[in-house]
Amino acid sequence: METELSRIGLTGLAVMGQNLALNIAEKGFPISVYNRTTAKVDETVARAKAEGDLPLRGFHDPHSFVLSLQKPRVIILLVKAGPAVDQTIATLAPLLDRGDCLVDGGNEWYENTERRAEAMAARGLLYLGMGVSGGEEGARRGPSLMPGGAAPAYALLEDVLLRTAAQVPGSGPCVTFVGPGGAGHFVKMVHNGIEYGDMQLIAEAYDLLRTVGGLSNPDLHRVFSDWNRGELLSFLVEITAEIFLVNDDLSPGDHLVDRVLDKTGMKGTGKWTVQQAAELSVAAPTIAAALDARFLSALKEDRVAAAAVFPPAAAAAGRPDKEKLVDDVRQALYAAKVCSYAQGMNILKAKSKEKGWGLRMGEMARIWKGGCIIRAKFLDRIERAYERDAELGSLLLDSEFAQEMAEREAAWRRVVCLAVNAGVGVPGMAASLAYFDTFRRARLPANLVQAQRDYFGAHTYERTDRPGNFHTEWSKIAAERSLL
Ligand code: NBP
């Protein structure tokens, strides 16, 4: 009977899939679930029962799973990105009918999504690539969702997504139809690149306060908690404050954060963001610095050897006034973060232009305000900036941000200078400052670079005082002059 069929299906019941399925069921949409390893199906069914007898049914084979769904069928895939998605599609697609829809909710490379969407369209199937952000907690309580692809596919599950996404009072559900093709996965990729930048900048603030300022973990807890009540209010600052509260069970008296090895893992979306920035000729130095910092963190043995060769400069620099340092670092963190977001938004804008996606930049900031890892009060300001001017060339040119940057500039410079003198690397804050200083200058030394290019490669140059392309025999003229 039609009434017994589930509204939607989900396959891939690891961390994300299991929690998103329970979230969807909790919002009142009967859901069927399936996973290659069937123990996870039973686990999810047991959780659905324990968490309030939620309308979720588990299936141990793909055929009965597909037959349990209302038509047109909608199935969300939350399997590992890459070949696992192709294999899951190969299992499910032959069981589907024309008009049914597959939704890849993983962190997939956007071109894979476009390739699969084309292949599905040839079989009469619909396909969406949907970024899902918020980790385990977000998936269960309300993530930020970034669906992209065919608009009719989005229409098939919009009601489910509007209820399942994080809800931000006064701003609505953290979901929107992002755009066609691989737009959803591309936006999620850049979201993750921005997340890399945010995490690196926070880590640099922590390093400065601890290494140069001498703040203890309880001090750091207080500072980050305090920051989380102001302009820096965000999920990442909030969890950072909490991390400093956690003691280590294995070495009583120690804080766990001090026992965590200083090597950062990664899954690839940050690297893709930097690669895409380069492909699009968009400068993204803060995000690139965050990626480089992860690469350098992996060189633990080499760093230990280098630390013995080059003694730390921090001790020699002396201790600055703590209260002043905390206030300066707060301002530097904010200003550096604005530059990082300006870079991320510019990547999105450039890609949207190249692909004709029509991304609405303010809407991207809006759907990141809740549920996701980069959720922050600050995104309100970005949304407002694009409301004032949808075609804004850079966030730095928005009147509100311009004023904030001017107010924080002096503190930001003091912090970067202090770090440089103390020998404490702040690659993200310094990259943001260099980006700012390069962007705000009407005239750069690029004239000399172009002259060099014309000198050795006859690449021509433009002039400041008349139109056209020019070439000069630099070496000939220089030789003649040196003979004078
Ligand atoms: P994983 O990325 O760890 O993937 C595990 C799932 O993929 C399991 O259900 C597994 O089935 C399935 N799978 C694999 Br692996 N190979 C398969 C194959 N050949 N055929 C069918 N199924 C296969 O899970 P996750 O951490 O929940 O993430 C899911 C997606 O969401 C990923 O793309 C991830 O990048 C993205 N994401 C994750 C997070 C997060 O915080 N974890 C946040 C945002 C987005 P099995 O049980 O049979 O092995």
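Note on MET266 and ASP159: with the Förster distance fixed at 51 Å, the Cβ-Cβ geometry gives a FRET efficiency of about 0.90. When only alpha carbons are used to place a centre, segment 80-103 and segment 1-54 end up 18 Å from one another. Here r is the Cβ-Cβ distance between ARG453 and ARG222 and R0 is 45 Å; the resulting FRET efficiency, rounded to 0.05, is 0.25. Working from the Cα coordinates of segment 1-94, the gyration tensor eigenvalues give, after taking √(5λ), semi-axes of 19, 16, 11 Å in decreasing order. Calculated mean residue ellipticity, 222 nm, the chain: -17500 deg cm²/dmol, from DSSP H runs (n ≥ 4) at -39500 (n - 2.57) each, averaged per residue and rounded to 500. Restricting to Cα pairs below 8 Å that are 6+ residues apart, what does the relative contact order work out to for the chain? Please round to a whole percent. The normalised contact order for the chain reaches 13 percent. Amide H to amide H distances under 5 Å link ARG57 with ILE31, SER32, VAL33, where only residues 5 or more positions off or on other chains count and H is placed in the peptide plane. Measuring between their Cα centroids, segment 209-223 and segment 252-328 lie 17 Å from each other. Rounded, prolate or oblate for segment 118-186? Axes are the square roots of the Cα gyration tensor eigenvalues, ordered a ≥ b ≥ c, and the cut-off for rounded is a/c under 1.5. Cα axes put segment 118-186 in the prolate bin.
Across segment 322-382, C-alpha contacts under 8 Å between residues 6 or more apart give a mean separation that, scaled by the residue count, equals a relative contact order of 18 percent.
Each of LEU245, LEU102, LEU379 has some number of other Cβ atoms within 10 Å of its Cβ, and from fewest to most they run LEU245, LEU379, LEU102. Note on the chain: antiparallel DSSP beta bridges, both residues inside, total approximately 35 percent of the bridges counted. The fewest-to-most ranking of LEU156, LEU483, LEU433 by surrounding Cβ atoms within 10 Å reads LEU483, LEU156, LEU433. Legend: calculated FRET efficiency, ALA119 to ASP437, from the Cβ-Cβ distance at R0 = 45 Å, rounded to 0.05, equals 0.45. Mean projected area of the Cα convex hull of segment 360-414, taken over all directions, amounts to 4.3 nm².
With a threshold of 32 Å on the Cα-Cα distance, the over-threshold entries among LYS27/LYS353; LYS80/LYS300; LYS49/LYS377; LYS188/LYS300; LYS49/LYS263 are LYS27/LYS353; LYS49/LYS377; LYS49/LYS263. Here, the chain is characterised by an Rg to Rh ratio of 1.04, where Rg is the alpha-carbon radius of gyration and Rh the Kirkwood radius. Inter-label distance, GLN87 to ALA46: 2.5 nm, where each label sits 7 Å from its Cα along the C-beta direction.
Only the coordinates and a few stated rules stand behind these numbers; no lab work does. It should be emphasised that the depicted structure is a prediction, and the values quoted were computed from it without experimental measurement. Heads up, the Cβs are rebuilt from the backbone with ideal geometry, glycines too, and the neighbour counts pull from every protein chain shown.
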